[in-house]
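Visitor: Before I ask anything, let me first share the structure, which is written out below as structure tokens.
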Amino acid sequence: MNPNPILVLGGTFDPIHNAHLQTALDVAELLSAEQIRLIPCGDPAHRPAPDASAEQRLMMLQVAIAGNKRFLIDTQELERKGPSYMVDTAASLRCELGESVPICLMMGMDAFLGLPSWHCWQQLLDYLHLVVVERPGWQQAMCQAKPELQQLLDAHRAESVQAMCTSASGRILMVAVSRMEISATGIRQRIGRGESVDGLLPDAVLKLIEQQKIYQNQT
């Protein structure tokens with residue numbers, strides 16, 4: 001019997017919000033994953049630098065998951081020098097967790113469509129599975145994807161959680177869960193304009209943002 005999978009969610013978390021947390025919990029339930037690893041990006045290689053500092057983003061994560069033992073914060077990308085590449089993180093996780101544990105990297109459809117721009121992206125499946133949170137009409141969106149991404153999906157797609165978890169890595173699973181439409185960019189802008197963000201992120205995170213005056217210069 002294979003060990004229970006570990007769900008991994010990486011990102012800048014600038015800030016962590018309710019859609020991050022609830023979607024991760026929903027996918028974890030679907031996979032029967034007992035642990036959700038949140039991996040804050042240090043120096044993102046594929047997007048602009050975060051507005052909040054690494055220390056602030058880490059503190060927001062800590063207060064967001066306080067009391068929920070299912071979540072674990074992994075700070076390896078914050079500690080690693082140079083650009084943060086997921087392939088390096090995936091290799092590190094595999095080394096840490098051993099060869100038999102299914103490691104499942106969760107991502108949204110937009111991130112999946114952009115996968116060919118990632119550093120050594122085709123090596124990711126050597127270390128883990130990809131769990132893509134699909135959106136309505138995703139099949140049509142795939143028609144616009146780069147051919148090599150469609151080829152990767154065709155070659156590695158798993159039709160079920162059970163089929164994926166027969167191995168520790170190497171499969172791509174498309175999943176449909178209810179998604180909260182919350183944007184970290186929108187949150188930063190609303191805070192900068194002095195508008196309410198109630199219900200968009202945990203109360204403890206909002207309190208920390210207010211105390212430290214994070215995002216006050218956003219427009």
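Visitor: Considering amide H positions built from the backbone, and no H for Pro or chain starts, which residues 5 or more places from A158, or on another chain, come under 5 Å of its amide H?
Guide: Here the answer is I172, L173, M174, since their amide H atoms fall under 5 Å of that of A158.
Visitor: May I ask you to evaluate 6.51 cos²θ - 1.76 cosθ + 1.60, the Karplus curve with θ = phi - 60°, for each residue of segment 22-33 and list the ³J(HN,Hα) values in order in whole Hz, giving x for glycine and proline?
Guide: Per residue, the Karplus-derived 3J(HN,Hα) values read 5, 5, 4, 5, 5, 5, 4, 5, 4, 8, 6, 8 Hz.
Visitor: If you roll a 1.4 Å probe over segment 1-155 with all protein chains in place, what percent of the accessible area is carbon or sulfur?
Guide: Roughly 49 percent of what the probe reaches on segment 1-155 is carbon or sulfur.
Visitor: A163 versus E96, label points 7 Å from Cα toward the beta carbon: distance in nm?
Guide: Once both label points are built, they end up 3.1 nm from each other.
Visitor: Hey, another quick one. Multiply the residue gap between Q76 and E29 by 0.36 nm, knock off their C-alpha separation, and tell me the result in nm, one decimal place.
Guide: Computed gain between Q76 and E29 is 14.4 nm.
Visitor: Select from segment 107-203 those GluC sites (Glu not before Pro) which occupy a DSSP coil region and have at most 13 other Cβ atoms within 10 Å, ordered by residue number.
Guide: Passing sites in segment 107-203 are E159, E181, E195.
Visitor: In addition: With +1 on the Cβ of every Lys and Arg and -1 on the Cβ of every Asp and Glu, and nothing else charged, how large is the dipole of the chain about its Cα centre, in debye rounded to the nearest 20?
Guide: Charge dipole, the chain, about its Cα centre: 240 debye, nearest 20.
Visitor: Let me ask another. How big is segment 101-199 along each principal axis, measuring the range of its Cα positions in Å and listing the largest first?
Guide: 48, 29, 27
Visitor: Distance between Cα centroids, segment 1-65 to segment 170-215: provide it in whole Å.
Guide: If you average the Cα positions of each part, the centres end up 12 Å apart.
Visitor: Taking a cut-off of 28 Å between Cα atoms, list the lysines near K81, but don't count ones fewer than 8 places away on the same chain.
Guide: Cross-link targets: K213.
Visitor: Also: Out of the trypsin sites (Lys or Arg not before Pro) in segment 187-219, which ones are loop residues according to DSSP with at most 15 other C-beta atoms within 10 Å?
Guide: Qualifying residues, ordered by number: R193, K213.
Visitor: Sticking with this one: How high is the relative contact order of the chain, in percent, with contacts defined as C-alpha pairs under 8 Å that are six or more residues apart?
Guide: With pairs under 8 Å counted, the relative contact order is 25 percent.
Visitor: Kindly report the accessible area of the chain per residue (heavy atoms of protein chains, probe 1.4 Å, no ligands, DNA or RNA), in Å².
Guide: Using a 1.4 Å probe on heavy atoms only, each residue of the chain averages 49 Å².
Visitor: What do you get for the angle between helix 203-212 and the principal long axis of the chain? Use alpha-carbon atoms, 0 to 90 degrees, nearest ten.
Guide: 50
Visitor: Say R0 is 30 Å: what FRET efficiency, to the nearest 0.05, do E210 and M180 get from their beta-carbon distance?
Guide: The pair E210/M180 has a calculated efficiency of 0.85.
Visitor: Next question, about the same structure. What percent does the relative contact order of segment 1-113 come to when contacts are Cα pairs within less than 8 Å and at least six residues apart?
Guide: Dividing the mean separation by the residue count of segment 1-113 yields 38 percent.
Visitor: Taking K207 as the anchor, which lysines have their alpha carbon closer than 23 Å to its alpha carbon, excluding any fewer than eight residues away along the same chain?
Guide: K69
Visitor: Let me ask you something else. Along Cα→Cβ, 7 Å out, is where each label goes; now give me the distance between the ones at S196 and Q150 in nm to one decimal.
Guide: 4.6
Visitor: With the cut-off at 18 Å, report for segment 3-69 the share of all Cα pairs above it, as a whole percent.
Guide: For segment 3-69, the fraction of Cα-Cα distances above 18 Å is 39 percent.
The values are calculated or read from the model by the stated rules, or taken from the named source; none is laboratory data. What you see is a predicted model, and the numbers here were worked out from it, not measured in a lab. Please note: Cβ atoms are built from the backbone with ideal geometry, for glycine as well, and neighbour counts cover all protein chains shown. The accessibility values were calculated without ligands, DNA or RNA, using every heavy atom of the protein model including side chains. Shrake-Rupley method; radii C 1.70, N 1.55, O 1.52, S 1.80 Å.
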